1. From the list 292, 285, which residue is under 15 Å from residue 260 (Cα atoms), acidic (Asp, Glu) and at pLDDT 95 or above?
2. Cβ-Cβ under 6 Å, sequence separation 6+ or interchain: first residue in segment 37-48 and modelled with pLDDT of 80 or more and part of a helix (DSSP H, G or I), partner aliphatic (A, V, I, L, M) and surrounded by 13 or more Cβ atoms within 10 Å (Cβ to Cβ). Which pairs?
3. Considering only residues that are modelled with pLDDT under 95 and within 20 Å of the chain's Cα centre (by Cα), which ones fall in segment 148-194?
4. Determine whether residue 197 is within 27 Å of residue 117 (Cα to Cα), surrounded by 15 or more Cβ atoms within 10 Å (Cβ to Cβ) and at pLDDT 95 or above.
5. Across segment 78-108, which residue is nearest to residue 183 (Cα to Cα) among those that are among the hydroxyl-bearing types (Ser, Thr, Tyr) and surrounded by fewer than 24 Cβ atoms within 10 Å (Cβ to Cβ)?
6. Among the residues of segment 362-373, are any surrounded by fewer than 20 Cβ atoms within 10 Å (Cβ to Cβ), free of Cβ contacts under 8 Å to residues at least 24 places away in the same chain, touching a strand residue (DSSP E or B) at 6+ places or on another chain (Cβ under 8 Å) and not acidic (Asp, Glu)?
7. If the requirement is being within 22 Å of residue 264 (Cα to Cα), within 15 Å of the chain's Cα centre (by Cα) and not in a helix (DSSP H, G or I), which of these qualifies: 357, 284?
8. Which condition from (1) buried (at least 21 other Cβ atoms within 10 Å of the Cβ); (2) at pLDDT below 95 is the one that residue 327 breaks?
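The values are calculated or read from the model by the stated rules, or taken from the named source; none is laboratory data. As the structure is a prediction and not an experimental result, all values here were calculated from the model. Here the Cβ is made from the backbone with ideal geometry for all residues, glycine too, and neighbour counts use every protein chain on show.
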Amino acid sequence: MKSERGWLVGVGAVMAGLILAWVAPPTAALAQPVAAAAPLTLDAFRGDGAACYDRSVQPQTTVVDSHIHFRPFGGPAVPFEEIVQYLEATGVLFANVYGIGQMLPASSPCTYYLDCPGTPLAPTLRNDFVNAANAVVKTPEGLHLTLAMTFPDLADPDSVLDGMALLDDEYPGLFRWMGEVNLVKQAVFANGRGPVSAEAIDGWAGFMAVLRERGIPIAIHSDLGSDDEPTLYLPLMEQVLNTYPDNPIVWVHMGLSRELTTMDPARHAELMASMLERYPRLMLDITWRVLDDAYFSTPEGRAAYVPFLNAHSERILPGTDFLASRDKDFDVYREELEINSRILGHLDDEAFRNIALGENYFRLLGLDYEAPRVCAG
């Protein structure tokens, strides 16, 4: 679905009369480097006449946060307006508004599942409704937000279409992304959420068909494996990709996790390259600081991943995986953005434009934006 001059969405009967309409400011007249430290606006993404991006003086951080959770697992959340301020202050102009589809009980004192093993996580639509209500009235001019459905319980596919219908009734046409949804996430095994079965994956056909019809990507958390068995869960992701080859699928974190921090970077990069070659609709997100801490920041990691990212730059999405629990603030978000963007500074200009400047994101969502060209060195 194309976006004309920002984000224009209709809402249902409950929100009748509320329309998000953004009007573009005048387009820059000359294609020349912008001044040092000058913040980008949406004007820079209007195509013809927009200024080029000078990497020698402008930030190496991404302008797209394709993976940011506006809601926590439990406890109080950072207010929507405050998160928006984080984005504006760090130069992030485009973001996916993720909720959390599996929450801790309201009676739990925990804000993070790892702190409460044995406390069950339960599927919920609550956060998607909260995010939608906030986005409709609190999205500022000059920022493009894409709402994501995070409620789906992939182990219970029959419930997904029902949930989508409820969101459609209240906010028709507003949700343009699905995810992050869990196929297998070892970190929540202790909270009663095990791997999705092969039988359940076959049962996704109904909602995956609707996603295809609407051109909606699905972002899937699917751990590759553990340090002891690095590719233990790979067959589950392969089943998804083989069963639904025409769906745009984003594999978040490239399958890496806290349980898999010692895999040889060259082996992992080779595996990811093979997956991209085998599955043309697959994309990877390189969010979460675990990737930088365990892989990208090491000499061996950079030697493997910089060539990989350059070679496959049209298939990569950036972001932070920031979680908006109230124990976090702007300094945390800024640090997460900087850490998750470090690898981007090592990429060639084409890869930087595709990933950090958002060209892949715009193309995937069919948005009416174009990443600025990188200035000639």
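1. 292
2. Close Cβ pairs satisfying both conditions: 43/28; 44/50.
3. Result: 187, 188.
4. When the stated conditions are applied, residue 197 does not pass them.
5. Taking segment 78-108 and keeping what is among the hydroxyl-bearing types (Ser, Thr, Tyr), we get 86, 90, 98, 107-108.
Those still in the list that are surrounded by fewer than 24 Cβ atoms within 10 Å (Cβ to Cβ) too: 90, 107-108.
Details: 90: 32, 107: 26, 108: 25 Å.
By that ranking, first place goes to 108.
6. For segment 362-373, residues surrounded by fewer than 20 Cβ atoms within 10 Å (Cβ to Cβ), free of Cβ contacts under 8 Å to residues at least 24 places away in the same chain, touching a strand residue (DSSP E or B) at 6+ places or on another chain (Cβ under 8 Å) and not acidic (Asp, Glu): absent.
7. Checking each option against the conditions leaves just 284.
8. Among (1) buried (at least 21 other Cβ atoms within 10 Å of the Cβ); (2) at pLDDT below 95, the lone unmet condition for residue 327 is (1).
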